[in-house]
Amino acid sequence: MTDPRTTNLARILVQYSTKIQPKDRVAIVGELPATPLIREIYREVLRAGGYPHLLLKFEGMEYLLFTEASDDQLNYISPFERLMLEEFEALISMRSQSNTRDLSNVDPARQQLYAKARTDLQSIYTARSAAGEYKWVGTMFPTQAYAQDAEMSLTEFEDYVYSTTYADSEDPIAMWQKIHDEQQLLVDWLVGKKQVEVRGPEIDLTLSIEDRAFVNSDGKRNMPSGEVFTGPVEESVNGWVRFTYPAVLRGREVEGIELHFENGKVVKASAKKNQDYLLSMLDTDPGARYLGEFAIGTNKKINRFIKNILFDEKIGGTIHMAVGYGFPETGSVNKSAIHWDMICDMRDGGQIFVDGELFYESGEFKI
């Protein structure tokens with residue numbers, strides 16, 4: 001019997017996040033362990049009148065690709081991959097890994113080659129999304145591997161996932177609409193603002209948001225969600241930040257990251273663990289050393305670090321920044337093959353000033 005919370009999550013994804021309409025072509029992308037959720041999503045898309053198209057991945061598929069493929073094969077773009085980004089109306093994707101570190105020893109250069117080959121597709125995807133032509137959402141299905149990373153039992157982790165997505169509530173869609181309304185007040189207040197100063201024990205940073213827009217991340221693209229984000233003016237970032245939590249990218253965990261910015265660019269970078277990998281990723285392309293995103297996490301149900309960025313970047317009381325590509329709907333023009341989120345905890349005296357006014361302190365909004 002399917003967990004009713006799984007059915008609820010599928011309904012959130014189809015009815016709220018992507019609002020599937022009759023005749024929408026919907027790509028459903030997932031891994032085999034997520035079959036219970038995939039089945040319910042497929043059912044919900046059919047009930048909404050859409051056309052579901054399923055793309056399944058097997059465990060270890062990415063490792064096999066990066067270790068066995070030739071450079072030519074890594075550069076190859078599947079016609080279906082292009083079709084679903086250029087022509088489909090919606091994408092619902094989920095991760096359900098049985099090993100979250102299977103890419104830890106893969107050559108970063110091969111990962112960069114694969115990512116660079118998809119830069120044009122990324123541009124199409126973000127542009128269509130910004131224009132409202134492409135609906136997409138990403139989520140995850142609980143597995144033992146994720147539970148182990150979170151230092152929980154699988155049962156505890158399932159409860160955590162379904163709580164943070166509100167799939168355990170009587171009316172989860174109403175809950176997400178309430179979050180949308182609350183966050184929209186913040187987004188509206190930020191309209192027309194120009195300068196941001198971020199101060200705290202681990203950060204001293206200034207950046208411009210002039211003519212940039214904040215986006216209300218309310219469960220439409222990530223599930224769970226809960227953040228407001230923008231793309232800072234690319235050459236405006238100055239100062240330094242020491243990120244509180246490890247940053248994980250493509251299975252590689254980097255701890256103790258510290259970045260220094262001058263006129264937008266990362267001019268100095270260090271890490272206590274996997275520094276070489278950090279530097280390699282920052283050298284992916286010119287845009288990888290500039291910020292594509294500045295964001296504030298708002299989801300108070302996400303209250304602990306679990307080594308999964310889908311959740312961790314929304315921790316209520318934190319901010320995060322991403323080096324690499326920015327989202328066009330914010331006004332960002334930064335281009336890169338990577339987008340790497342890094343999190344700084346603000347709950348111990350961190351402050352954000354906007355045009356000189358205290359906007360946020362110790363994890364709480366002050367407006």
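What to note about this one:
- Evaluating Ala247 against the criteria (1) in contact (Cβ under 8 Å) with a residue 60 or more places away in the chain; (2) within 18 Å of Tyr325 (Cα to Cα); (3) of a type outside the set (S, T, N, Q); (4) surrounded by fewer than 21 Cβ atoms within 10 Å (Cβ to Cβ) leaves one unmet condition, (4).
- Residue within segment 221-233 that is acidic (Asp, Glu) and either crowded, with 19+ Cβ neighbours inside 10 Å or touching an Asp or Glu at 6+ places or on another chain (Cβ under 7 Å) (or both) present: yes
- Meets criteria (among the β-branched types (Val, Ile, Thr), part of a helix (DSSP H, G or I) and at negative phi) for Thr100: no
- Any hit, segment 318-329, residues being aromatic (Phe, Trp, Tyr) and in contact with a Ser or Thr (Cβ under 8 Å, 6 or more places away or on another chain): yes
- Lys300 more than 22 Å from Lys335 (Cα to Cα), not β-branched (Val, Ile, Thr) and not assigned by TED's automatic domain parsing to the domain that holds Leu103: yes
- Within segment 1-46, being in contact (Cβ under 8 Å) with a residue 60 or more places away in the chain, surrounded by fewer than 17 Cβ atoms within 10 Å (Cβ to Cβ) and under 16 Å from Tyr166 (Cα atoms) holds for Asp3, Gln15.
- Among the residues of segment 263-277, those identified as in contact with a Gly (Cβ under 9 Å, 6 or more places away or on another chain), exposed (fewer than 15 other Cβ atoms within 10 Å of the Cβ) and more than 28 Å from Glu59 (Cα to Cα) are Ser270, Lys272.
The rows are residues; the columns are (1) of a type in the set (Val, Ile, Thr); (2) at pLDDT below 95.
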site	(1), (2)
Glu202	no, no
Thr244	yes, no
Leu249	no, yes
Phe261	no, no
Lys272	no, no
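- Subset of segment 79-97 [surrounded by 19 or more Cβ atoms within 10 Å (Cβ to Cβ) and closer than 18 Å to Ile309 by Cβ]: Met94, Arg95, Ser96, Gln97
- So Val187, is it farther than 24 Å from Leu13 by Cα, among the β-branched types (Val, Ile, Thr) and touching a strand residue (DSSP E or B) at 6+ places or on another chain (Cβ under 9 Å): no
- Positions within segment 302-354 being buried (at least 20 other Cβ atoms within 10 Å of the Cβ), of a type in the set (Val, Ile, Thr) and closer than 24 Å to Arg128 by Cα, in sequence order: Val323, Thr330, Ile338
- Meets criteria (at pLDDT below 95 and either over 30 Å from Ser163 (Cβ atoms) or surrounded by fewer than 17 Cβ atoms within 10 Å (Cβ to Cβ) (or both)) for Thr100: no
- Taken as a whole, segment 171-186 holds at least one residue that is closer than 17 Å to Gly363 by Cα and in contact with a Phe, Trp or Tyr (Cβ under 8 Å, 6 or more places away or on another chain).
- Just one of the listed residues (Val196, Val191) is buried (at least 21 other Cβ atoms within 10 Å of the Cβ) and over 21 Å from the mean Cα position of the chain (by Cα), namely Val196.
- Subset of segment 170-193 (residues that are assigned by TED's automatic domain parsing to the domain that holds Ala295 and of a type in the set (Gly, Ala, Ser)): Gly192
- Residue check, Ile367 crowded, with 23+ Cβ neighbours inside 10 Å and either part of a strand (DSSP E or B) or in contact with a helix residue (DSSP H, G or I) (Cβ under 6 Å, 6 or more places away or on another chain) (or both): no
The values are calculated or read from the model by the stated rules, or taken from the named source; none is laboratory data. The shown structure was predicted, so the numbers you read here are calculated from the model rather than taken from an experiment. Cβ coordinates were reconstructed from backbone atoms using ideal geometry, including for glycine residues, and neighbour counts include every protein chain displayed.
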